[in-house]
């Protein structure tokens, strides 16, 4: 089965390449904003019609010829996608781009043929750690140390400069996805997600909530105070802003690494994985634990579990968010509504006198509910 996959690399451009990248950012933004104004004044037009006008517009603004022409056309198609998202009610009305917001541009992979041999304008060499990009030539990259080459057809590449002052390139490749056939399941696990312990399994195993935000919160607050004292637009302001951005980047990477570690361990050891379909947005409304719930990143963990199960031929289920997993006794099925109180962490079932750990009992009930879903399928 063919599918699209993105590979993200850290870019290390030299000073000349940096200058071209920044020019492309500005020109792509200029084209996007120009045609957004045209759309507002004359009505919505097809992206292909706007591309026909781009040649005359480029001749009037000669500086646009200094950058990759594919990136300018992609800016127009990005505008069309923004309108599509607006009409599909996936986002708001398109806004003009600012040089102070995210800096990026996309360029398509185009192949030319000479003497029966193809010459693409985007190529990746993982052995020499280089990528060839239009107008930039060969740029040093880092990433995917264990891979020697990327199989598949390159579709497009997106060059981004983050607020940390680091450059990245994401390459989208069409390749044969090796999705395994569904296996015959032998093991199942139910997962209860929480704030005190991030994951509690029906096997009785608990994964600590590292409360990653709490580790960085003090330093972030201190740096934000320092930033507020700097004169807006000064050199020291931008230096401080970059330091703050790098701190946030560390936080994101730390969280992503920890969630990946948990998801890999669970999926490797079990054939059926069952979780609650948590409604995080509702959970954080008027909740004193909202900060801790958002820091736990339940949705990110669920997405990782689902994808890892899919590519390994395993099963992943989400149960009804209103299923009272904590209140039901996993031994006799009696529902004890007193357990709604979150302060009750351990209790004895009034019906069968069985002693329960609240979270392990909930994960057992989630497992049984997932088993029902599996056999109903």
Hits in region 255-283 - residues which are under 18 Å from the mean Cα position of the chain (by Cα), surrounded by 15 or more Cβ atoms within 10 Å (Cβ to Cβ) and without any contact (Cβ under 8 Å) to a residue 60 or more places away in the chain: 255, 258, 259, 263, 280
Residues (under 19 Å from residue 70 (Cα atoms) and touching a residue at least 24 places away in the same chain (Cβ under 8 Å)) located in region 83-120: 97, 103, 104, 105, 106, 107, 108, 109, 110, 120
Residues located in region 40-51, provided they are surrounded by 11 or more Cβ atoms within 10 Å (Cβ to Cβ) and without any contact (Cβ under 8 Å) to a residue 24 or more places away in the chain: 40, 45, 48
Region 177-192, subset at pLDDT 90 or above and touching a strand residue (DSSP E or B) at 6+ places or on another chain (Cβ under 6 Å), residue farthest from residue 293 (Cα to Cα): 188
Test: residue in region 125-142 that is loosely packed, with under 15 Cβ neighbours inside 10 Å and under 17 Å from residue 22 (Cβ atoms): yes
Odd one out for residue 56, checked against (1) loosely packed, with under 11 Cβ neighbours inside 10 Å; (2) outside any helix (DSSP H, G or I): (2)
Residues located in region 10-33, provided they are assigned to a helix (DSSP H, G or I) and touching a helix residue (DSSP H, G or I) at 6+ places or on another chain (Cβ under 7 Å): 23, 24, 27, 28, 31, 32
Hits in region 125-162 (condition: farther than 16 Å from residue 74 by Cβ and either touching a residue at least 60 places away in the same chain (Cβ under 8 Å) or not assigned by TED's automatic domain parsing to the domain that holds residue 15 (or both)): 131, 137, 139, 140, 141, 142, 143, 144, 150, 152, 161, 162
Test: residue in region 302-313 that is in the same structural domain as residue 367 (by TED's automatic domain parsing) and either part of a loop (DSSP other than H, G, I, E, B) or exposed (fewer than 12 other Cβ atoms within 10 Å of the Cβ) (or both): yes
Inter-residue pairs, beta-carbon under 9 Å, first outside the structural domain of residue 158 (by TED's automatic domain parsing) and under 18 Å from residue 169 (Cα atoms) and in region 25-39, second surrounded by fewer than 21 Cβ atoms within 10 Å (Cβ to Cβ) and at pLDDT 95 or above, 6+ apart: none
Test: residue in region 252-261 that is more than 30 Å from residue 365 (Cβ to Cβ), part of a helix (DSSP H, G or I) and touching a helix residue (DSSP H, G or I) at 6+ places or on another chain (Cβ under 6 Å): yes
Where residue 299 falls short, out of the listed (1) free of Cβ contacts under 8 Å to residues at least 24 places away in the same chain; (2) more than 19 Å from residue 213 (Cβ to Cβ); (3) part of a helix (DSSP H, G or I): (2)
Conditions (1) closer than 30 Å to residue 30 by Cα; (2) in contact with a helix residue (DSSP H, G or I) (Cβ under 7 Å, 6 or more places away or on another chain); (3) in contact (Cβ under 8 Å) with a residue 60 or more places away in the chain: number failed by residue 200: (1)
Output for region 59-72, where each listed residue is farther than 20 Å from residue 110 by Cα and part of a helix (DSSP H, G or I): 59, 60, 62, 63
Qualifying residue in region 269-282 (condition: farther than 30 Å from residue 343 by Cα and assigned to a helix (DSSP H, G or I)): yes
Which numbered condition residue 218 misses (of (1) over 22 Å from residue 294 (Cα atoms); (2) assigned to a helix (DSSP H, G or I); (3) over 22 Å from the mean Cα position of the chain (by Cα)): (1)
Candidates 174, 217, filtered to the one that is at pLDDT below 95, on the phi < 0 side of the Ramachandran plot, exposed (fewer than 15 other Cβ atoms within 10 Å of the Cβ) and touching a strand residue (DSSP E or B) at 6+ places or on another chain (Cβ under 6 Å): 174
Residues (in contact with a helix residue (DSSP H, G or I) (Cβ under 8 Å, 6 or more places away or on another chain) and assigned to a strand (DSSP E or B)) located in region 166-183: 167
Candidates 25, 9 - the one that is surrounded by 17 or more Cβ atoms within 10 Å (Cβ to Cβ) and over 17 Å from residue 66 (Cβ atoms): 9
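The values are calculated or read from the model by the stated rules, or taken from the named source; none is laboratory data. Because the structure is predicted, anything quoted here is derived from the model rather than measured. Because the Cβ atoms are built from the backbone with ideal geometry, glycine has one as well, and the counts that use them run over all protein chains shown.
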